[in-house]
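J.: Just passing along the structure, written as structure tokens.
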């Protein structure tokens with residue numbers, strides 16, 4: 001298991017990005033949460049198998065149809081517990 005904090009900048013609010021992230025996380029059996037921060041930032045904290053996290057990052061780089069990702073920052077974080085993936 002790896003634990004990540006992912007910060008996505010660009011046109012990522014008002015385009016369904018958090019719901020897109022949740023759908024992808026659920027498909028890949030990832031746990032954690034996503035939330036909006038500031039005007040152009042979505043923060044995601046996720047835990048899961050390394051290969052599933054890699055697939056998740058690939059999906060997030062593209063985002064939903066009307067999103068435009070300008071920057072994706074990823075860092076490993078300490079272990080945490082979550083039952084599922086939530087939108088905050």
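J.: Based on the mean of other beta carbon atoms within 10 Å per residue, what is the order of 59-72, 32-45, 12-25, most packed first? Walk me through the intermediate numbers first.
T.: Numbers: 59-72: 14.3, 32-45: 17.1, 12-25: 19.5.
So the peptides 59-72, 32-45, 12-25, ranked by packing, come out 12-25, 32-45, 59-72.
J.: Using just the helices of the chain, give the 222 nm mean residue ellipticity in deg cm²/dmol: DSSP H runs with n ≥ 4 each add -39,500 (n - 2.57), and the total is spread over all residues, rounded to 500.
T.: Values: 2 runs with 24 residues, N = 88.
Result for the chain: -8500 deg cm²/dmol, rounded to the nearest 500.
J.: Here is a follow-up. How far is helix 17-27 tilted off the main Cα axis of the chain, in degrees rounded to 10, range 0 to 90?
T.: Long axis of 17-27 versus the principal axis of the chain: about 30 degrees.
J.: Let me ask something else. What is the extension gain from residue 77 to residue 23, computed as 0.36 nm multiplied by their sequence separation minus the C-alpha to C-alpha distance, in nm to one decimal? Don't jump to the answer; show the numbers that get you there.
T.: Values: separation 54, 0.36 × 54 = 19.44 nm, distance 2.23 nm.
The span from residue 77 to residue 23 would gain 17.2 nm if fully extended.
J.: I would also like to ask the following. Run the numbers for residue 68 and residue 88: contour at 0.36 nm per residue of separation, minus the present Cα-Cα distance, in nm. Can you show the working numbers first?
T.: Working: separation 20, 0.36 × 20 = 7.20 nm, distance 2.11 nm.
Computed gain between residue 68 and residue 88 is 5.1 nm.
J.: Something else about it: If the chain between residue 36 and residue 1 were fully stretched, how many nm would it gain, using 0.36 nm times the residue separation less the Cα-Cα distance? Provide the component values of the computation, followed by the final result.
T.: Numbers: separation 35, 0.36 × 35 = 12.60 nm, distance 2.50 nm.
Extending this stretch completely gives an extra 10.1 nm.
J.: Would you work out the relative contact order for the chain, in percent, from Cα pairs under 8 angstrom that are 6 or more residues apart?
T.: Working: 185 pairs, mean separation 41.7, N = 88.
Once normalised by length, the contact order is 47 percent.
J.: How far is helix 50-62 tilted off the main Cα axis of the chain, in degrees rounded to 10, range 0 to 90?
T.: The answer is roughly 0 degrees.
J.: At what distance in angstrom do the alpha carbon centres of region 65-88 and region 6-31 lie from each other?
T.: Spelled out, the Cα-based centre of one part sits 7 Å from the other.
FYI, it's all coordinate maths here, none of it is from the lab. Everything quoted here is computed from the prediction, not taken from an experiment. All Cβ positions, even for glycine, are placed from backbone atoms using ideal geometry, and neighbour counts span all protein chains on display.
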